[in-house]
1. Could you check residue 17 against (1) open to solvent by less than 70 Å² (accessible area, probe 1.4 Å); (2) at pLDDT below 95 and say which number it fails?
2. Of the residues 76, 30, which is surrounded by fewer than 10 Cβ atoms within 10 Å (Cβ to Cβ) and modelled with pLDDT under 85?
3. Kindly provide the set of residues from region 1-31 that are in a loop (DSSP other than H, G, I, E, B) and more than 20 Å from the chain's Cα centre (by Cα), ordered by number.
Amino acid sequence: MRKDMTIALKWTAGVIIALGVIFSAFNMNEFNDGNLGLMIGIGFLVGGLQILLFGVAAPLMMKKSDLEPESLDKVEDLA
């Protein structure tokens with residue numbers, strides 16, 4: 001299940017980043033904060049990178065939490 005979530009998050013992030021590149025590329029003619037298309041493109045780029053980061057970090061955090069109960073059992077055995 002974890003691997004499916006990771007793959008889904010990476011694909012979602014890839015699609016959102018691609019949309020960000022497309023929006024930004026088509027709206028580069030006027031580079032200012034009043035250009036709504038460019039601001040949407042930059043937002044997609046930032047959001048896509050955050051989703052990608054979470055897709056990479058979440059499984060690593062789950063692996064760490066999977067290891068913790070075993071280490072607690074070892075500590076109880078030593079006592």
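1. That leaves (2) as the condition not met.
2. Testing whether each residue is surrounded by fewer than 10 Cβ atoms within 10 Å (Cβ to Cβ) and modelled with pLDDT under 85 leaves just 76.
3. Once the filter is applied, which keeps residues that are in a loop (DSSP other than H, G, I, E, B) and more than 20 Å from the chain's Cα centre (by Cα), region 1-31 yields 27, 28, 29, 30, 31.
The values are calculated or read from the model by the stated rules, or taken from the named source; none is laboratory data. On a predicted model such as this, the values are computed, not experimentally measured, just so you know. Neighbour counts are summed over all protein chains in view; Cβ atoms, including those assigned to glycine, are modelled from backbone coordinates with ideal geometry. SASA here: full protein model, heavy atoms, side chains in, ligands and nucleic acids out. Shrake-Rupley method; radii C 1.70, N 1.55, O 1.52, S 1.80 Å.
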